[in-house]
Amino acid sequence: MTSPLDYFTAKLALETDASDVYAAQKAGDRFVLVDVRGDDAWAQGRIVGAVHLPHREIAARAESELDPAVPVVVYCWSPGCNGGARGALEFAKLGYTVKEMIGGYEYWIREGQPIENDEGQLPREFDPRVMVVRPQLTV
């Protein structure tokens, strides 16, 4: 039986969330963000700065396209999608340091983080159901 300490330590070593990924991007942390969704999803929209590598293609393409010394964070559509876990598994098989961004693209959007498509940056919209929107203070 796994203790709660062991379980949650392992869980946090292998998962991250949209807020932490955005903060890491802003801080300039060294990692590559990988969108493991298919071509149609990628074309519809993706996280600014992400690399497109569908989970079914990781085994064939990762080693020639991504530096195995750089940590990887993968994401798929949403909490209801296991593509991120599939992608993370493929990177782990290849020996990459990898985390899955829980919540996926859905929660990235809901938190109002930057997204783009082939035409450029898309509008940022914040979902008040997942974000605390604080009123601006006036001086």
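The values are calculated or read from the model by the stated rules, or taken from the named source; none is laboratory data. These numbers were taken from a predicted model, which means no experiment stands behind them. Here Cβ is always computed from backbone atoms with ideal geometry, including for glycine, and neighbour counts include all displayed protein chains.
A search for C-beta distances below 9 Å between a residue of the range 117-130 that is in contact (Cβ under 8 Å) with a residue 40 or more places away in the chain and any residue that is in a strand (DSSP E or B) and β-branched (Val, Ile, Thr), counting only pairs 6+ apart in sequence or on different chains, returns 121/115; 122/115. Within the range 103-130, the set of residues being touching a helix residue (DSSP H, G or I) at 6+ places or on another chain (Cβ under 7 Å), outside any strand (DSSP E or B) and not polar (S, T, N, Q) comprises 103, 104, 107, 108, 111, 118, 127, 130. A single entry from 14, 5, 33 fulfils the requirement of being under 14 Å from the mean Cα position of the chain (by Cα) and surrounded by fewer than 16 Cβ atoms within 10 Å (Cβ to Cβ): 14. Scanning the range 64-75 for residues that are surrounded by 12 or more Cβ atoms within 10 Å (Cβ to Cβ) and either under 11 Å from residue 90 (Cβ atoms) or polar (S, T, N, Q) (or both) turns up 72, 74. Note on the range 59-102: residues that are part of a loop (DSSP other than H, G, I, E, B), at pLDDT 95 or above and either acidic (Asp, Glu) or under 27 Å from residue 123 (Cβ atoms) (or both) total 3.
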